[in-house]
Amino acid sequence: MTKIRVLDPDTVNQIAAGEVVERPASVVKELLENAIDAGATSILIDVSSDLAGITKIRVTDNGEGMTPEEAVLAFHPHATSKIRDIADLSAIHTLGFRGEALASIAAVAEVTLITRQRGAAALAGTRVLVRGGEVMEKSEVGAPEGTTVTVERLFYNTPARRKFLKSRNTELAHLYGVVENLALAHGEVAFRVVHNGKERMATQRSGGLLNAIAGLYGADLARTLVPVEARLPFLRIGGYVSRPSESRGNPSQVFISINGRSITSRPIAAAVREGYGTLLPKDRYPVAFIELSIDTDLVDVNVHPTKREVRLSREREILPAVSAAVEEALATHDLAREVPAGPVQQQIAPAEPRQARAPTAGEPEAAYTAGHRELALSDKQLRRTETEGRENLLPAMEPVGQVAATYIVAEGADGTLYLVDQHAAHERILYDQVVEQRDAGAGSQELIMPVVLSLPPKDSAALRDAMPLLLGEGFVVEEFGRDTFAVRAVPAALGAIEGPETVRETIADLLNDTSRTTPDRRQAVTCIVACRGAVKAGAHLTHDQQKRLLAQLARTKTPWTCPHGRPTVVAFDKRKLDGIFRRV
Ligand code: ADP
Ligand code: MG
């Protein structure tokens, strides 16, 4: 007896047909849905890529697993354990029901499934290898409870499909987007994404929606959200919406889930907006995370093959209820009370923002903290440019101190006095590295948290034009709504960039740049990147930091000038000093 059955042709004909595997992200979506349907509480998404693209996707869950027979049957077209006939759809509680995902994925890839049914003996696991739709191998293996599906060589036998894939980073961005949506709709599951061995995203289990939001978008945003809560006989509305001060230029950040299904719906997004009334300017949209629980017989999930859209009965009652719930949430919340700005706090208190502590003038502790933060920042910037080897092109010099927190004063072995412009020097160091890494194809460093830019139409057109150039420099910018962009990765040479502001400023500089020709622009981009990442003039540096900066400068190819051609070091040798003081 297996739980999986092949649907009869009549039922198959009534199910929305169409392509489900368009890109790596669709594979992840289907595998995650299966894991959630299997009752998993913890899901690991392990992605590997090389410069050409995503090479491997592995999803591991601790769900109910499958018997050996089921493990093979699962790959059969229209084989599902989730419905028996079309009537079951009206009471569906699972995300899947088409019985098509594993079959479609295995038709265009090499899939290895390892599974053990919950409660079965430790060695009673099954391993099935399917390639191009053919079962190549089936064996008994020892395995943990749950299921691991590994997908490799995606589209190996469909070159036309493969050609449609975008750059690795764009595909990764889509993939992360899929995980975000499902993580938001399933706070009861812990999600963890690892890319090439590095953790990229993680949410905690049963933390609820707010914790998922904090895990994905940061505690700063989560802390400012207002809870929404309403009930009708056939409907429960929950979730969080942003304060009017936190608006966006388009509706792309209105996340909606219905019965655990992450969906897109213009009417519902519009209803959420409607709830703000005049609190938002006409062309602004909130950030919102809305969860609807609706009687399943009022939700038609059989609309779209990828199940991104649903059809609602009684929409005419549901939409005004959503607007009313949002309006009510905003009305009963003290929106005037500002939320304290500042570093991310561990404890999230969204409903009760803490009162900002009134700053005391000249508070010594605050001054210390600020100075400390500045030193820490310089440290981070310097650490990023630490390299090995390479001959020293500057004479040996020992820092004596700093003038105006801008120039490092140093002494050479022969008594030469050097003045070093710390910003120009660090710019040179960074510039050389950015060029080197760019030429080595080091590419991009993904940001843990994408930085969202909402731009005026003119700037977004400019950004759209500049995108190929930026990509060449290692920026991965993705348009995900009208005039809204997500910066998902920055040049590897910039490393873990300080914060969203630096990313925003760098992009703004790039858009303001007026260089015409491509080589010029390329050069300009590199300069801006180097400039934004460099230690600032006016930053106090410790003796050690000064030393490190000089050592790094000495290892650059052209230590004497910054990328803009300004001097980095000026020297007054002993004779010159003697001359100045008329000692000769
Ligand atoms: P559907 O999800 O629409 O039923 P799929 O092709 O995605 O179709 O999966 C086929 C069947 O394989 C599912 O109905 C389920 O019984 C089984 N299955 C797939 N993935 C898993 C998993 N991770 N854990 C347990 N069972 C699974
Ligand atoms: Mg499925």
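The values are calculated or read from the model by the stated rules, or taken from the named source; none is laboratory data. None of these values were measured; they are calculated from a predicted model. Cβ: placed from backbone, ideal geometry, glycine included. Neighbour counts: every protein chain shown. Side chains included, ligands, DNA and RNA excluded: accessible areas come from the protein's heavy atoms. Shrake-Rupley method; radii C 1.70, N 1.55, O 1.52, S 1.80 Å.
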| message | Which residue is modelled with the highest pLDDT, if the candidates are limited to the range 212-222 and must be farther than 17 Å from S262 by Cβ and out of contact with any Lys or Arg (no Cβ under 9 Å at 6 or more places or on another chain)? | response | A222
| query | For the range 202-238, what are the residues that are open to solvent by less than 60 Å² (accessible area, probe 1.4 Å), in a strand (DSSP E or B) and either of a type in the set (S, T, N, Q) or free of Cβ contacts under 8 Å to residues at least 40 places away in the same chain (or both)? | reply | A202
| query | Residues in the range 129-142: is at least one touching a residue at least 24 places away in the same chain (Cβ under 8 Å) and open to solvent by less than 20 Å² (accessible area, probe 1.4 Å)? | reply | yes
| remark: Scanning the range 95-106 residue by residue, those more than 8 Å from ligand 2 (Cβ to nearest atom) and either out of contact with any strand residue (DSSP E or B) (no Cβ under 9 Å at 6 or more places or on another chain) or among the β-branched types (V, I, T) (or both) turn out to be S104, I105
| request: Output the number of residues of the range 453-465 satisfying the condition of being surrounded by fewer than 20 Cβ atoms within 10 Å (Cβ to Cβ) and either of a type in the set (G, A, S) or under 21 Å from S167 (Cα atoms) (or both). | output: 6
| task | Select from the range 258-269 the residues that are in contact (Cβ under 8 Å) with a residue 40 or more places away in the chain, touching a helix residue (DSSP H, G or I) at 6+ places or on another chain (Cβ under 8 Å) and open to solvent by 10 Å² or more (accessible area, probe 1.4 Å) and list them in ascending order. | result | N259, G260, R261, S262, P267
| message | Could you check the range 107-119 and list, in sequence order, the residues that are within 18 Å of G18 (Cβ to Cβ) and small (G, A, S)? | response | A107
| Tell me, which residue of the range 404-440 that is over 18 Å from R548 (Cβ atoms) and β-branched (V, I, T) is surrounded by the most Cβ atoms within 10 Å (Cβ to Cβ)? | V434
| query | Got a sec? Which of E22, E30 is within 16 Å of ligand 2 (Cβ to nearest atom), acidic (D, E), modelled with pLDDT of 95 or more and outside any strand (DSSP E or B)? | reply | E30
